[in-house]
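Participant: Mind having a look at this structure? Questions to follow.
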Amino acid sequence: MRFRKRPEHFDADRVVADAPPSTPPPPPSPPAVAAPSASGRPEPVSVVPWGIRVGAEVGWRLLVLAAILWVLIRVIGAVHLIVLSFAAALLITALLQPTVARLQKHRVPKGLATAATALCGFVLLGLVGWFVIWQVMDNVDDLTDQLQSGVDDLKHWLLKSPFHITEARLDHISDKLGDSIGSSSDQLTAAGLHGVTVLAELLTGVLLTVFSTLFLLYDGPRIWKWALKFAPASARSAIDGAGPPAWHTLTAYVHGTVIVAFIDAVCIGLGIYILDVPLALPLAVVVFAAAFVPLVGAVASGALAVIVAFVTQGVFTALLVLLIVLGVQQLEGHVLQPFILGRAVRVHPLGVILSVAAGGLIAGIGGAVVAVPLVAVVNTVAGHLLHRDAQDQHDAAE
């Protein structure tokens, strides 16, 4: 057998290129042509621009999400008493749970630690409420006399003011107010009946909060594991991983807010006590309670302190109280909250305003109280899930 001699300049690439391919390449696809309809015109879907089609796809999905959110809000509004009671129980549990953990570290039985902590906490809250009511009822007569004196001083000031208000005009306004109050007796009666209903709902909510707090303090981890069963199996691991960061954020928020509220109450209460404003201690308690409604609570409690000072002590004292309130609020916003709460639970002021407004519209004062911690927890959960997805993608790429 003879072999053909290989030429000196053998071009392997040319031979491969000249050789017939084993699998012929597919023919080029023809340009897309809109399918004609029965009338000979193209189908409407095929002539709609791509951007409009994408916008329509996104739009109907947004409408579905909005409908789901609307239904959820309606359901929460229908059972708002249960939702707010459970939310309050979560906040109280976040405040008391570290105490239960410390007692357990000292070998105190779990049931005894839970009962002792809850009992002390609720007794303390009850004593504070009783103290405020006692102070108000004890000073209501003096406050009424001072209010009447303040109204008379305001009337004399208006008569001598450059606004040219006559005494006949003031008497006419006073008569109009009296007639309005007398004509609205039916409305006042209806408001009183509504107040009885609100009181019954309040007592029911308190009982629900107490029992929910006891169960959460005693059996919180098992309740969390039980709640995870309602989540999809594919997302159960991610939700379980987001639970501890969310609880840490809620605990840090509640503890930090309590400390900030206590400092605000002490500073404002001490200031108005030095200025000899009546009801200094009850006003300090109101400042403490109002601090749990960010921004709005501080403005409302500060305005109440200024009004009491104006009615009882005059314009100059009211201006001093206003300066004290503004100074404490600046201290809170620029020093206390960044230092105590930290970046982990900080929410942008716009987010605070919108969340407080939305919570107030949905569930009143209770909704405004739980709105900001809810936003802080959702922010933490979202950040944790995004970080988890990024880590999973990084691991898959490696």
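The values are calculated or read from the model by the stated rules, or taken from the named source; none is laboratory data. Worth saying up front: this structure is predicted, and the values here are computed from it rather than measured. Note that each Cβ is placed from the backbone with ideal geometry, even for glycine, and that neighbours are counted across all protein chains shown. With ligands, DNA and RNA removed, areas are computed over all heavy atoms of the protein, side chains included. Shrake-Rupley method; radii C 1.70, N 1.55, O 1.52, S 1.80 Å.
Participant: Please pick out the residue among Leu96, Leu125, Leu112 that is in contact with a Gly (Cβ under 6 Å, 6 or more places away or on another chain) and either part of a helix (DSSP H, G or I) or modelled with pLDDT of 90 or more (or both).
Facilitator: Of Leu96, Leu125, Leu112, the one residue that is in contact with a Gly (Cβ under 6 Å, 6 or more places away or on another chain) and either part of a helix (DSSP H, G or I) or modelled with pLDDT of 90 or more (or both) is Leu96.
Participant: Condition first: exposed (fewer than 11 other Cβ atoms within 10 Å of the Cβ) and either under 30 Å from Ala113 (Cβ atoms) or at pLDDT 70 or above (or both). Can you find one or more residues in the stretch 178-197 that meet it?
Facilitator: The answer is yes; a qualifying residue exists.
Participant: Would you call Ala231 assigned to a helix (DSSP H, G or I), at pLDDT below 85, over 13 Å from Gln97 (Cβ atoms) and open to solvent by less than 70 Å² (accessible area, probe 1.4 Å)?
Facilitator: So Ala231 does not fit the description; no.
Participant: Here's a follow-up. Checking the conditions here, which among Val372, Val311 is surrounded by 14 or more Cβ atoms within 10 Å (Cβ to Cβ), in contact (Cβ under 8 Å) with a residue 40 or more places away in the chain and over 22 Å from the mean Cα position of the chain (by Cα)?
Facilitator: Just a single option satisfies the conditions, and that option is Val311.
Participant: Still on this structure, I have one more. Considering Thr197, Thr257, which residue is among the polar types (S, T, N, Q) and closer than 24 Å to Pro373 by Cα?
Facilitator: Only one candidate passes the filter, namely Thr257.
Participant: Does Leu250 satisfy the condition of being touching a residue at least 40 places away in the same chain (Cβ under 8 Å), in contact with a helix residue (DSSP H, G or I) (Cβ under 8 Å, 6 or more places away or on another chain), under 27 Å from Thr93 (Cα atoms) and not aromatic (Phe, Trp, Tyr)?
Facilitator: Considered against the rule, which asks whether it is touching a residue at least 40 places away in the same chain (Cβ under 8 Å), in contact with a helix residue (DSSP H, G or I) (Cβ under 8 Å, 6 or more places away or on another chain), under 27 Å from Thr93 (Cα atoms) and not aromatic (Phe, Trp, Tyr), Leu250 comes out as yes.
Participant: Residue check, Arg107 against (1) on the phi > 0 side of the Ramachandran plot; (2) touching a helix residue (DSSP H, G or I) at 6+ places or on another chain (Cβ under 8 Å); (3) not aliphatic (A, V, I, L, M), all met but one. Which one?
Facilitator: For Arg107, the failing item is (2).
Participant: Can you list residue pairs whose Cβ atoms sit under 6 Å apart, with the first residue in the stretch 224-247 being over 21 Å from Leu374 (Cβ atoms) and the second being open to solvent by less than 50 Å² (accessible area, probe 1.4 Å) and assigned to a helix (DSSP H, G or I)? Count only pairs 6 or more apart in sequence or on different chains.
Facilitator: Arg236/Leu228
Participant: Can you find even one residue in the stretch 314-322 that is open to solvent by 50 Å² or more (accessible area, probe 1.4 Å), aromatic (Phe, Trp, Tyr), in a helix (DSSP H, G or I) and touching a residue at least 40 places away in the same chain (Cβ under 8 Å)?
Facilitator: No, the stretch 314-322 contains no residue that is open to solvent by 50 Å² or more (accessible area, probe 1.4 Å), aromatic (Phe, Trp, Tyr), in a helix (DSSP H, G or I) and touching a residue at least 40 places away in the same chain (Cβ under 8 Å).
Participant: Then there's this: Please specify each residue of the stretch 24-51 satisfying the condition of being modelled with pLDDT of 75 or more and either surrounded by 10 or more Cβ atoms within 10 Å (Cβ to Cβ) or not hydrophobic (A, V, I, L, M, F, W, C) (or both).
Facilitator: Passing the criteria: Val48, Pro49, Gly51.
Participant: Is it true that some residue in the stretch 270-281 is at pLDDT below 85, closer than 29 Å to His156 by Cα and open to solvent by 20 Å² or more (accessible area, probe 1.4 Å)?
Facilitator: Yes.
Participant: Is it true that Ala284 is crowded, with 20+ Cβ neighbours inside 10 Å, free of Cβ contacts under 8 Å to residues at least 60 places away in the same chain, among the small types (Gly, Ala, Ser) and more than 25 Å from Asp138 (Cα to Cα)?
Facilitator: Spelling it out, it is not the case that Ala284 is crowded, with 20+ Cβ neighbours inside 10 Å, free of Cβ contacts under 8 Å to residues at least 60 places away in the same chain, among the small types (Gly, Ala, Ser) and more than 25 Å from Asp138 (Cα to Cα).
Participant: Please give the number of the condition Leu65 fails out of (1) open to solvent by 100 Å² or more (accessible area, probe 1.4 Å); (2) farther than 30 Å from Trp224 by Cβ.
Facilitator: Leu65 satisfies every listed condition except (2).
Participant: Criterion first (over 30 Å from Leu214 (Cα atoms) and modelled with pLDDT of 85 or more) does Val71 satisfy it?
Facilitator: It is true that Val71 is over 30 Å from Leu214 (Cα atoms) and modelled with pLDDT of 85 or more.
Participant: Take the stretch 310-319 and flag every residue that is modelled with pLDDT of 85 or more and either closer than 21 Å to Val347 by Cα or not hydroxyl-bearing (Ser, Thr, Tyr) (or both).
Facilitator: Once the filter is applied, which keeps residues that are modelled with pLDDT of 85 or more and either closer than 21 Å to Val347 by Cα or not hydroxyl-bearing (Ser, Thr, Tyr) (or both), the stretch 310-319 yields Phe316, Ala318, Leu319.
Participant: Moving to a separate point now. Filter the stretch 234-261 down to residues that are among the small types (Gly, Ala, Ser) and open to solvent by 60 Å² or more (accessible area, probe 1.4 Å) and give me whichever is modelled with the highest pLDDT.
Facilitator: Only one residue fits best here, namely Ser237.
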